[in-house]
Amino acid sequence: MTGRRSGRPLVPAYLSTGGVARPSRNSLERLSVLTGAGGPPPAGLPSAQAALLGLLDGGSLTVMESAALLRLPVSAVRVLAAALIDQGLVSARPPVPPAALPDRDLLKRVADGLRALKL
Amino acid sequence: MASAPSSSDRMHSPGVPPSATTSAPVAPEEVNHLPDSARELVKILVTGPFGVGKTTLIDSVSEIRPLHTEEHLTEVSARVDDLAGVRDKSTTTVAIDFGRVSLGDSVVLYLFGTPGQERFRPLWDDIAYGALGALVLVDTRRIDASFDVLGLVEESGLPYAVALNTFPDAKQYTEEQLRRSLDLEPDTPLVTCDARDTNSSVDSLLSLVQHLIDRMAPEAQ
C-alpha cells in the first residue's frame, strides 16, 4: 500500500473503452490469462485495444498485470479484453482449471514450490 | 525502489507503436510474460494496516518488479464510466501492489497487497475472489491498527495466518498475550517474520499454506 507513483494518465479510462461501461462477457477475473492470437493487428483498432493487444504480442499476461502495465483500471481492461476476445484477437482462460480448484494436491505443490524458493 | 521511467523516456522507446502511446506507453522490457507452462494461477492476499510492510514482503518474494493497479474506492459496482476523470476530493484512489512468483512448472503464485481498513470493504470481495487465503501482517507497536483488518478477513471467510513483522524497536510480547489481544483461534498460525528477508517471508507464507492443507484434511492430523 503506497501512494500514487505516477501521474494520472492523459486519457481517462472511460475514453479508453470508447465509453463502454461493461464488458461483453463476465468471466474475466483479475487473474484470468489473456493470450494474443498472433498476427498483425487489424487496421482501425481503437488505440487502447491496440495497446492491450501489443502487450500480449508473443506471450500471455493476466488481466491484473495488463491493467498495471497500461495504467488503466482493471474494469476498463475487462472491457477492452472482452472486445478483443469478441474479435478473435485474444483468447482467455480462467486462472485455474475448474477441476483443479483448491484441492490438497494444488496446495501441496504451492508449499513445495515455496520451499524451493528458500535460499 | 527504482523510480519508473518518465513518460518522455517511454515515448521515445523503440518498438512502441505510436498508437499505444496515446493510451499507455509500455516499454517492452517492462513486460514479463507468463511462462508458457503456467497452468494454475493462485493468489494469496498480503494484508494489514498502512506501513506494516506488505509491499516489502511482496518485493522480497516476487520474481517480477512489483506492479500496482489503481483502484477507486467509489467503484462499488465496477462501473467503468465512473472510474476516471473524477477529480473531486470524495474519490479515494488506492494502489494495490502485487507480485508474481513461479512455483515449479505449472503453478504461479500472485501476492496481492491488500489494504485492510474498513473503508476498503467495497473492494475487498472483488480482490479476495478466488484467493487461497490471507497473510495478515501485524506491527506489534500498534496492534490496534490490525483489528479492522482481522475483522474484514474473518467476515470474508478467508482462511488466514498472522505474521508479526519484526521492527527493531517493537516491544516483546508473549504468544499468549498476542493471541489474546488479537483474539485468534487456537489453530490460527502466528509467526514472526522479517518482511525484508526472502526466506523469512517465504516461511510466513508457508505457515499459511500449511494451515490451508491442514484444515482441508483434519482427519489426517
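The values are calculated or read from the model by the stated rules, or taken from the named source; none is laboratory data. Since the structure is predicted, the reported quantities are computational estimates derived from the model, not experimental observations. Every residue, glycine among them, receives a Cβ derived from its backbone with ideal geometry; neighbour counts consider all protein chains shown.
Regarding B:SER102, is this residue modelled with pLDDT under 75 and either more than 21 Å from the chain's Cα centre (by Cα) or not β-branched (Val, Ile, Thr) (or both)? It is false that B:SER102 is modelled with pLDDT under 75 and either more than 21 Å from the chain's Cα centre (by Cα) or not β-branched (Val, Ile, Thr) (or both). Screening A:ALA81, A:ALA68 for residues that are under 10 Å from the mean Cα position of the chain (by Cα) and in contact (Cβ under 8 Å) with a residue 40 or more places away in the chain leaves exactly one candidate, A:ALA81. Hey, can you tell me all the residues within the stretch A:72-94 that are crowded, with 18+ Cβ neighbours inside 10 Å, farther than 24 Å from A:PRO42 by Cβ and either out of contact with any Lys or Arg (no Cβ under 8 Å at 6 or more places or on another chain) or modelled with pLDDT of 95 or more (or both)? Result: A:PRO73, single match.
Residues in the stretch B:164-210 that are out of contact with any Phe, Trp or Tyr (no Cβ under 8 Å at 6 or more places or on another chain) and within 14 Å of chain A (Cβ to nearest Cβ): 20 in all.
Here is a yes/no grid of residues against (1) more than 25 Å from B:THR114 (Cα to Cα); (2) more than 9 Å from every other protein chain (Cβ to nearest Cβ):
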site	(1), (2)
A:ASN26	no, yes
A:GLY39	yes, yes
A:SER47	yes, no
A:ALA51	yes, no
A:GLU65	no, no
A:ALA83	yes, yes
A:GLN87	yes, yes
A:PRO95	no, no
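Scanning for something aliphatic (A, V, I, L, M) and closer than 14 Å to B:VAL46 by Cβ, does the stretch B:189-201 turn up at least one residue? For the stretch B:189-201, residues aliphatic (A, V, I, L, M) and closer than 14 Å to B:VAL46 by Cβ: present.
Residue count for the stretch A:71-112 satisfying the condition of being of a type in the set (S, T, N, Q) and outside any helix (DSSP H, G or I): 2. Could you tell me whether B:THR114 is within 13 Å of another protein chain (Cβ to nearest Cβ), closer than 20 Å to B:PRO49 by Cβ, modelled with pLDDT under 95 and touching a Lys or Arg at 6+ places or on another chain (Cβ under 9 Å)? When the stated conditions are applied, B:THR114 passes them.
Within the bounds of the stretch B:192-200, is there any residue that is in contact with a Cys (Cβ under 7 Å, 6 or more places away or on another chain) and under 17 Å from B:LEU135 (Cβ atoms)?
Step one: list which residues in the stretch B:192-200 are in contact with a Cys (Cβ under 7 Å, 6 or more places away or on another chain), which gives B:200.
Subsequent filtering for residues that are under 17 Å from B:LEU135 (Cβ atoms) retains B:200.
Looking through the stretch B:192-200, at least one residue is in contact with a Cys (Cβ under 7 Å, 6 or more places away or on another chain) and under 17 Å from B:LEU135 (Cβ atoms).
Residues in the stretch A:99-111 include at least one that is more than 20 Å from B:ASN32 (Cβ to Cβ), acidic (Asp, Glu) and free of Cβ contacts under 8 Å to residues at least 12 places away in the same chain.
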